[in-house]
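Taking it in order: structure first as structure tokens, then the write-up.
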Amino acid sequence: MEFSRRIFTVVDNIGKVVVGKTQVIELLLTALLAGGHVLLEDVPGVGKTLMAKALARSLNLEFRRIQFTPDLLPADVLGVNIYSQKTGEFVFNPGPIMTNILLADEINRATPRTQSSLLEAMEERQFTVDGVTRRLKEPFLVLATQNPVEMEGTFPLPEAQLDRFLMRLRLGYPELEEERSILHRFGAGNPLEEIKPVLNAEDILAMREQAKGVNVDESVEYYMLTVIRETRNHPAVKLGASPRASLLLYKCAKAFAAIKGRDYVIPDDIKHLAVPVLSHRLLLSYESLLRDYKPEDVITDILEKTAVPVE
């Protein structure tokens, strides 16, 4: 399928810089095609920023980065009206949000006020400054990063804001040979500078529309909804996945099936996407947290117990 072939040229292109993370790159492109945003949660130095830059270069998209700090203000993200003495009028000076791919680095270091300035932009593809609403460019993707280990001086994202992210992904440490390959690639220069675009914004928007036409059988729909509903009934969960989670998992499954060269969704697509799409939306009970139970464990347990539809 031409759709799949074009996507894997992007995967291969990013793979020239980001070593051994093919599965994460596929999920990142799935989120982009599904029109969602991604939270990259991992320790420093594993290539989160590098992956974001390589994605933007491969797709010839505009890229901006914001380093979130406690003193960052909403105006630093959205922009501000500045009085021009020449014209005698206020002129809008746009912030870094006016881009295609926005890297919100260490988002949990900013205050809740600044974090919330992204909410309207992420959900509605627009933002408002001084009563004037402006549309964002398309495609628009927020890649937010946070360090799950060092929590001193941070402001954890509330559940309502976590729910705005389509996926939460972790890169993890590379394998031995992968890390050796990193030494060789980056020891002689920066391969990011050699990355050339293989697709553009128009291609991504067209492929996004194409992915919407992927068929989902009724049995697969019921399977997906059963998994979602079980997150609300699981004894370890205090707050399960919302209907928004159902819709986003549905969109992701269509995009992922298209990436894999199919015009229909299979149950394995739901299984593959359930953890990255649902895990950050679950709020576990206090007793489960004391037992070091994780949302990923809940989803794995549900997937093992839920009957899979057969052809």
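The values are calculated or read from the model by the stated rules, or taken from the named source; none is laboratory data. Keep in mind that this is a model prediction, so the values were computed, not measured. All Cβ positions, glycine included, derive from the backbone under ideal geometry; neighbour counts span all protein chains shown. In case anyone asks, the SASA skips ligands and DNA or RNA and just uses the protein heavy atoms, side chains included. Shrake-Rupley method; radii C 1.70, N 1.55, O 1.52, S 1.80 Å.
Of 99, 154, the residue with the largest accessible area leads and the full order is 154, 99 (1.4 Å probe).
Projected onto its three principal axes, the C-alpha set of the range 126-184 covers 53, 31, 19 Å, listed from the longest axis down. For the residue pairs 53/271; 212/254; 16/196; 21/53; 16/137, alpha carbon separations beyond 18 Å are given by 53/271; 16/137. From the alpha carbon centroid of the range 38-82 to that of the range 168-225 is 17 Å.
Taking only the alpha carbons of the range 59-159, we obtain Rg and Dmax values of 14.6, 50 Å in that order.
Roughly speaking, to the nearest percent, how much of the chain's 1.4 Å accessible area is carbon and sulfur? Mind dumping the intermediate values first?
Values: 7860 of 15230 Å².
Percent of accessible area from carbon and sulfur atoms in the chain: 52.
Any chance you could list P(r) for the range 151-212, counting all Cα-Cα pairs in 5 angstrom bins from zero, rounded to whole %? Using 5 Å bins, I get a P(r) of 3, 11, 9, 11, 15, 14, 20, 15, 3 for the range 151-212.
Mind checking Rg over Rh on the chain, alpha carbons, Kirkwood formula for Rh? Working shown, then result.
Working: Rg = 20.2 Å, Rh = 20.7 Å.
Ratio value, two decimals: 0.98.
In a fully extended conformation the segment linking residue 206 and residue 84 would gain 39.9 nm over its present Cα-Cα distance, using 0.36 nm per residue.
Grab the eigenvalues of the alpha-carbon gyration tensor for the range 180-311, scale each by 5, take roots, and send me the semi-axes largest first in whole angstrom. Before the final figure, lay out each step's value.
Values: eigenvalues 210, 115, 34 Å².
Semi-axes, largest first: 32, 24, 13 Å.
The range 111-147 and the range 256-271 have Cα centres lying 30 Å from one another. The angle between the Cα long axis of helix 48-58 and the longest principal axis of the Cα atoms of the chain comes to about 80 degrees, rounded to the nearest 10.
If you restrict to DSSP beta bridges whose two residues both lie in the range 48-191, what percentage is antiparallel, to the nearest 5?
Values: 10 of 19 bridges.
Just about 55 percent of them are antiparallel.
With both labels modelled 7 Å from their Cα along Cα-to-Cβ, the residue 179 to residue 194 distance reads 2.4 nm.
In plain terms, if you count all Cα to Cα distances in the range 1-84 and split them into 10 Å steps from zero, the share in each step is 14, 42, 27, 13, 4, 0 percent. Helix 218-233 and the longest principal axis of the C-alpha atoms of the chain enclose an angle of approximately 80°.
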